[in-house]
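Notes for the one structure printed next.
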Amino acid sequence: MSTQSNQASYTTLLTDLQDGILTVTINRPDKLNALNAAVLADLEAVVSYAETADDVKAIILTGSGEKAFVAGADIAEFNGLTPAQAERLAQRGQNIFARIENSAKPFVAAVNGFALGGGCELAMACHFRTASEGARFGQPEVNLGLIPGYGGTQRLTRLVGKGKSMELNLTGEMMGAEDAKAWGLVNHVFPATDLLDATRKLVGKMTNKAPLALARVISCVNDAAMADAEGYNKEAARFGELFETEDMKEGVGAFLEKRKPTFSGR
Ligand code: COA
């Protein structure tokens, strides 16, 4: 059975509830599903809905269109932020992503294209990830004179280890789905046309399990991965302070003006 669940409440998400699996599609394809304030608010609302709706047993997050899961935080919204505002933005994103990570119900990211910056961070906040063959992962914030702000320095390090996390975060390069699988960033790679069905099949293995047991698996595995609140606070503060730098203004300005940035180290 398929129903539109709570659809009226969202402006940037599509939702579909089938057999206990809530599929949430981030729906700004013209901006490659970038996370602006409206998407963050909708994500917060859908997490609240999923947590309390008895007929939702598990959640799949994906992106609309063929190109992107989420191409990052919305860079246009960075323009003109003070360091304090940027730190608060990072904390807001971190809080929503922490609610996903700590949800009592399984969240799985079905990464259907670019998962960059905040998109990679959103996928990593989910309990595990599948990807289409053409999916691309990366933390390209250094190209903007920035660092990840929604937990990327923390979750990526715990998922793939320090050296690989350093490489992705320091080079800002993208990696393909098979490499991401080899690194442990995604569990399964499927052809694009099969991604959602195959992910639903996988998630369907959890929907008939005891909910209280699933909640405790999530909590205990999260503990084993040693979430460290101080690491996240530090990341948000370092993210914020970069908004004072000339390099950040150059990086964001260059992206918006569609040119290559030149960094000066100031
Ligand atoms: N924030 C805001 N807008 C974004 C965006 C983001 N993170 N990523 C893409 N967009 C917008 C583009 O500005 C463009 O909008 P426009 O058509 O109004 O000009 C639209 O989405 C399509 O993107 P475009 O860059 O034209 O597509 P492409 O195929 O040439 O390149 C990417 C795709 C993903 C390589 C490129 O969009 C990109 O580098 N995005 C930014 C990734 C990033 O740095 N993310 C981390 C942010 S902290």
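Any read-out appearing in this document is the output of simple, stated calculations on the displayed coordinates, not a laboratory observation. Worth saying up front: this structure is predicted, and the values here are computed from it rather than measured. When we count neighbours, we look across all protein chains shown, and the Cβ atoms used for this are built from the backbone with ideal geometry, even at glycine.
Suppose each label sits 7 Å from its Cα in the direction of the beta carbon; what would the Leu14-Ser48 distance come out to in nanometres? Going by the 7 Å Cα→Cβ label model, 2.5 nm.
Rg then Dmax, both in Å and based on the Cα atoms of region 114-154: 10.4, 30. Quick one: among Thr12, Thr245, Thr153, which has the greatest mean-square fluctuation in a GNM of the chain with alpha-carbon springs under 10 angstrom? Most flexible of the set in this elastic network: Thr245.
The Cα-based radius of gyration of the chain, divided by its Kirkwood radius, gives an Rg/Rh of 0.95. Helix 162-171 and the longest principal axis of the C-alpha atoms of the chain enclose an angle of approximately 60°.
Loop-located trypsin sites (Lys or Arg not before Pro) in region 17-99 (DSSP state other than H, G, I, E, B) with a sparse environment of at most 15 neighbouring Cβ atoms within 10 Å: Lys67. Which angle between 0 and 90 degrees, to the nearest 10, do you get for helix 37-52 versus the longest principal axis of the chain when only C-alpha atoms count? Tilt relative to the chain: about 30 degrees. For the chain, the longest principal axis of the C-alpha atoms and the axis of helix 83-101 are separated by about 20°. If you take the alpha carbon atoms of region 154-220 and fit the smallest convex hull around them, that volume is 103 Å³ per residue. Residues whose amide H lies under 5 Å from that of Gly134, counting only those 5 or more places away or on a different chain, are Ala192; hydrogens are built 1.01 Å from N in the peptide plane. For region 236-248, 3J(HN,Hα) computed residue by residue from phi via the Karplus equation (6.51, -1.76, 1.60; θ = phi - 60°) reads 4, 5, 5, 4, x, 5, 5, 5, 8, 8, 5, 5, 5 Hz, glycine and proline entered as x.
Each residue, Leu256 and Ala237, gets one label point 7 Å from its Cα in the Cβ direction; the gap between the two is 2.8 nm.
With a ≥ b ≥ c the root eigenvalues of the C-alpha gyration tensor of region 56-116, is it rounded (a/c under 1.5), prolate (a/b larger than b/c) or oblate? It is oblate, given that a/c is not under 1.5 and a/b is not larger than b/c. On full extension, the segment bounded by Ala213 and Leu81 gains 43.2 nm, given 0.36 nm per residue less the C-alpha separation. Residue farthest toward the positive end of the dipole of region 1-135, with Cβ of Lys/Arg at +1 and Asp/Glu at -1: which of Thr130, Ala86, Leu61? About the Cα centre, the residue reaching furthest to the positive side is Ala86. What you get for the chain, charging only the Cβ of Lys and Arg (+1) and of Asp and Glu (-1), is a dipole of about 380 debye around the Cα centre.
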